[in-house]
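Reading through the structure tokens given below for one structure.
Values in this text are rule-based calculations from the coordinates and carry no lab data. This is a predicted model, so every value here is computed, not measured. Using ideal geometry, Cβ is built from the backbone for each residue, glycine included, and neighbour counts are taken over all protein chains shown.
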Amino acid sequence: MDTTPIRIPAELVAKLRQAESVAVLTGAGISAESGVPTFRDAQTGLWARYNPEELATPEAFQRNPRLVWEWYEWRRQLVSQAEPNPGHLALVEMERRAPRFTLITQNVDGLHRRAGSRRVIELHGNIVRTICSRERLVVEQWEETGEKPPRCPRCGGFLRPDVVWFGEMLPAHALQAAIEAAREAQIFFSVGTSAVVQPAASLPFEAVRHGATLVEINLEETPVTPMAHYVLRGPAGVVLPALVEATWPPDV
Ligand code: APR
């Protein structure tokens, strides 16, 4: 294990302290330390033989709705047992300190809100919410008959999670708000995302085009790395608290 302490550049600390406007894009990597598996890690246990990219699609749901529903039931259970980690909490503190702050997440686990972040754009929806696959309206209650997926109490269509699947459009207002936040950010953080799924993956580039300082926090190299002004290699649950503490030291 690499035990080198994370070095936070003093120049970055100074920029963050002075920034009027900060935006952060997060991906599955920020929840990894809460025990929620990332998408592109190999799956374990029961689901090891399935590729998430083949389950999270409208085609998969059409072909085998029960399989897809059960996979989300399993993920929902993991998420309900998970707790926000120090990375999520450091972003709550960053929001408290930065004059303007937007958190854009690709995660559907709801952990940012549970940690206490307030201005959160959930680009890919939220796994806790359920919608009718026909009417696209949120459904709060339904009868459990044992049938999977359960049926919409209004129209009888299958229920599904309120998440964006591969090949589906993102909610237009959420995407627009994310683009605006990227354009106005003086500092833009790309945290724990492989930055390969569009359109979220283009947000760091949009930010740089509009003059932002780009910071990547990830265990590995990604397509964002060559564009980044600062690359902090390490777990988000260690790097983010170190950055926040260096920038706004706790009162003594
Ligand atoms: N700290 C920081 N980064 C981490 C950590 C960690 N503790 N653990 C993993 N990572 C990094 C990995 O190196 C990888 O780059 O997080 C990234 C996770 O990548 P993905 O699994 O591809 O997740 P994400 O980028 O969020 O996927 C985007 O694709 O599957 C769809 O809709 C789904 O929202 C998802 C989107």
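Details
- Cα-based shape type of the range 80-165, given that a ≥ b ≥ c are square roots of the gyration tensor eigenvalues and the cut on a/c is 1.5: prolate
- Prolate/oblate/rounded call for the range 25-136, Cα gyration tensor, a/c under 1.5 rounded: prolate
- Environment charge of PHE158, counting only residues whose C-beta is closer than 10 Å and scoring Lys/Arg +1, Asp/Glu -1: +4
- Most simply put, the chain has about 25% antiparallel DSSP beta bridges, counting only bridges with both residues inside it.
- For PRO37, net neighbour charge (Lys/Arg +1, Asp/Glu -1) across residues whose Cβ lies under 11 Å away: 0
- Label-point separation in nm, ASP251 to GLU53, each point 7 Å along Cα→Cβ: 5.0
- Cα gyration tensor, the range 213-252 - rounded (a/c under 1.5), prolate or oblate: oblate
- For the range 98-252, the relative contact order comes to 14 percent (Cα pairs under 8 Å, sequence separation of at least 6).
- Simple Cβ-charge dipole of the range 1-115, Lys/Arg +1 and Asp/Glu -1, about Cα centre, in debye nearest 20: 280
- Sorted on the mean count of surrounding Cβ atoms within 10 Å across their residues, most packed first, peptides 74-82, 21-29 read 21-29, 74-82.
- Of the residues PRO84, TYR72, GLY234, the one whose Cα sits farthest toward the positive end of the charge dipole of the chain, with +1 on the Cβ of Lys and Arg and -1 on the Cβ of Asp and Glu, is TYR72.
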